[in-house]
Amino acid sequence: MYAIVDIAGRQTKVEGGKFVYTNKLSGNEGDAVEFANVLLTEDNGTINVGAPFVDNIKVTGKILGHVKGDKVIIFKKKRRKGYKKKNGHRQDYTKVLIESIA
């Protein structure tokens, strides 16, 4: 069984017992989280599509920690002008263990 869930403005495919990295969520390590915006569920070939959300289905999980992603380099240049600018950042993510889809 899997579900498509709206987490922090992004649609994410989740399955029970698997990890998912999402945009940083408020909460501490070990806290339980619940996602009520379920857009689609699939159970043994039966697909249930919401309009816009599926009723009576919630996805529960547990926050395992807050991590940072790989460094993203931003490089700007204008040729023949001597203008070069190098910047970068690391995005904050939250690692969530999906416990159940019910």
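No lab work stands behind these numbers, since they all come straight from the coordinates. Keep in mind the model is a prediction, meaning the values are calculated, not measured. Methodologically, a virtual Cβ is constructed for each residue, glycine included, from the backbone with ideal geometry; neighbour enumeration extends over all protein chains shown.
A compact table of results
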item: Qualifying residue in region 72-89 (condition: under 17 Å from the mean Cα position of the chain (by Cα) and free of Cβ contacts under 8 Å to residues at least 60 places away in the same chain); result: no
item: For Ile98: the one exception among (1) closer than 17 Å to Thr22 by Cα; (2) free of Cβ contacts under 8 Å to residues at least 40 places away in the same chain; result: (2)
item: Subset of region 1-19 (residues that are in contact (Cβ under 8 Å) with a residue 12 or more places away in the chain, surrounded by 17 or more Cβ atoms within 10 Å (Cβ to Cβ) and not small (Gly, Ala, Ser)); result: Ile4, Val5, Ile7, Val14
